[in-house]
Amino acid sequence: MDPARPETLAREKTPDGEVALRRRGDVLELVVDGTFAMDTVDTSTEVLLATEALHRHPAPAHVLVGGLGLGFTARAVLDDPRVRHLDVVELAAPLVAWARDGLVPELAGLEDGRCRLHVADVAQVLRGAAGPAGPWDVVLLDVDNGPGFLVHSRNAGLYAAAGLAAAREVLAPGGLLVVWSSHRAPDLLADLRAVAEPTDAVAEVALPVHREGRDLDYALYLLRRSGMVGG
Ligand SMILES: C[S@@+](CC[C@H](N)C(=O)[O-])C[C@H]1O[C@@H](n2cnc3c(N)ncnc32)[C@H](O)[C@@H]1O
């Protein structure tokens, strides 16, 4: 295959726009509603979203991932044997179907006794209006390229105070909410601080990335809900 020419492996219309999987040489790309969502050139920060959260929690038995994408965050969660159950919530039904069919090796074999894929809007799940129910020890959100580069404009509500407060509510005591971003997001940090209770902890973790000749500042945004784990 000519590595410069992408081959479309699958594409399907959804109520939220078309979702497509493309292969360019060895690289797999996900395009959502005409917007580049991610590729496999460098998935280190998708993995770090999981590992940075999990190593900060003493007993992350129940985990929620918002945004299946190409499954790198979900797989990194499942690599931790302390995780007993993972709910992955994905808006694009075709992507979940392709994962279940094993269309590409990157997405194949995710669902098993410990992991369920759900088709839903994670904002609705966090409000208790759809999909699986919490509480979760760890909630990981990666549904856009960050709050400043949205895949779907309606996701803006997730990063605003009401959306973040809903995410905090579904955390078990001592639980962690972590949001991935492809850029520093001072407004998100401020909104997390605004919804946090005085005994919660909020932090920004910088993730420097070198991609295609450029130095980029990716970041994770964390809120730890106060309380005794397991209490
Ligand atoms: C950047 S990708 C996630 C990448 C993922 N962390 C990985 O490791 O492959 C974003 C995903 O979130 C999904 N998405 C976008 N908005 C969503 C929403 N409101 N609820 C659930 N999933 C959503 C997109 O369809 C896409 O699959």
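Taken together, the values in this text are just the output of simple stated rules run on the coordinates, not laboratory data. Computed from a predicted structure; not experimentally measured. For neighbour counting, all protein chains shown are included, and Cβ atoms are generated from backbone atoms with ideal geometry for every residue, glycine included.
For the Cα trace of region 41-224, dividing Rg by the Kirkwood Rh returns an Rg/Rh value of 0.93.
The calculated P(r) of region 156-217, using every Cα pair and 5 Å bins from 0, goes 4, 16, 27, 22, 13, 9, 6, 3, 1 in percent. Each of VAL83, VAL31, GLY174 was scored by the projection of its Cα onto the charge dipole of the chain, and the greatest displacement toward the positive side belongs to GLY174; charges sit on the C-beta of Lys, Arg, Asp and Glu.
Between ARG127 and VAL27, what length comes free when the chain is fully extended (0.36 nm per residue of separation minus the Cα-Cα distance, one decimal in nm)?
Extra length from ARG127 to VAL27 when fully extended: 32.4 nm.
Counting only C-alpha contacts under 8 Å and six or more residues apart, can you give the relative contact order of the chain as a whole percent? Reported relative contact order: 15 percent. What you get for the chain, charging only the Cβ of Lys and Arg (+1) and of Asp and Glu (-1), is a dipole of about 400 debye around the Cα centre. Ranked by the mean number of other Cβ atoms within 10 Å of their residues, highest first, the peptides 203-212, 93-102, 147-156, 133-142 fall in the order 133-142, 93-102, 147-156, 203-212. Relative to the current alpha-carbon distance between ASP112 and ALA194, full extension at 0.36 nm per residue lengthens the span by 25.7 nm. Once both labels are positioned 7 Å from their Cα atoms along Cα-to-Cβ, the gap between LEU150 and GLU169 label points is 2.0 nm. The sum of -39500 (n - 2.57) across all DSSP H runs of n ≥ 4, divided by the residue count of the chain, sets its helix-only mean residue ellipticity at 222 nm to -6500 deg cm²/dmol.
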